[in-house]
Amino acid sequence: MARPLRIEYEGAFYHVTARGNERKEIFFAGHDYAKFMDYLRETRDRYHFLLHCYVLMPNHYHLLIETPEGNISQVMHRLNASYTGYINRTRQRTGHLFQGRYKAILVDRDNYLLELSRYVHLNPVRAGMVSNPGDYPHSSYIPMSRTRRTI
């Protein structure tokens, strides 16, 4: 049975998540987070999406993406394939890094964006990794006392 097609249209907002295969880590060292962000920037420059917020956890990630060109499938294929290739090369491994297909939930920008941003940024707090979202380094969360991070 074929997978259902993704709903894609210009200006859509998506909450995108991908988890490590068997819930295992996808980021093994600090430079892996940096490399993922490099791939995210390269993919953004090529496919012109807007990244509103993100958090990179050791075994999964969350992205809030807006696609002015209606191209979420191209964006995610490029991002996940590039990062998987990098991990497989540097770790001398083969096979899948991610558990199944990424999830891209269409988001109603008016009613859900603020709540979704809270959910994304509080992920490390709920996981017991930090007590304050501003203390987690692999996130777009910006405490009022710091300058804005950009990708």
Checking residue 116 against (1) touching a helix residue (DSSP H, G or I) at 6+ places or on another chain (Cβ under 9 Å); (2) within 16 Å of residue 12 (Cβ to Cβ); (3) among the aliphatic types (A, V, I, L, M), which single condition isn't satisfied? (1)
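The rows are residues; the columns are (1) at pLDDT below 95; (2) touching a helix residue (DSSP H, G or I) at 6+ places or on another chain (Cβ under 8 Å); (3) surrounded by fewer than 18 Cβ atoms within 10 Å (Cβ to Cβ).
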| site | (1), (2), (3) |
| --- | --- |
| 11 | yes, no, yes |
| 16 | no, yes, no |
| 53 | no, yes, no |
| 57 | no, yes, no |
| 67 | no, yes, no |
| 72 | no, no, no |
| 76 | no, no, no |
| 81 | no, no, yes |
Which members of segment 108-128 meet the condition of being aliphatic (A, V, I, L, M) and within 15 Å of the chain's Cα centre (by Cα)? 116, 120, 122
May I ask you to list the residues in segment 104-140 that are closer than 21 Å to residue 79 by Cα and part of a loop (DSSP other than H, G, I, E, B)? 137, 138, 140
At least 3 residues that are in contact (Cβ under 8 Å) with a residue 60 or more places away in the chain and out of contact with any Gly (no Cβ under 7 Å at 6 or more places or on another chain) in each: list the strands (runs of 3 or more DSSP E) lying fully within segment 1-97 that qualify. 12-19, 50-57
Taking into account only those residues within segment 18-35 that are touching a Leu at 6+ places or on another chain (Cβ under 7 Å) and under 18 Å from residue 123 (Cα atoms), which is surrounded by the fewest Cβ atoms within 10 Å (Cβ to Cβ)? 33
Can you pull out every residue in segment 36-45 that is exposed (fewer than 12 other Cβ atoms within 10 Å of the Cβ) and either on the phi > 0 side of the Ramachandran plot or in contact with a helix residue (DSSP H, G or I) (Cβ under 7 Å, 6 or more places away or on another chain) (or both)? none
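The values are calculated or read from the model by the stated rules, or taken from the named source; none is laboratory data. Note that the structure is a prediction, hence the values are computed from the model and not measured. With ideal geometry, Cβ positions are generated from the backbone for all residues, glycine too; neighbour counts draw on all protein chains shown.
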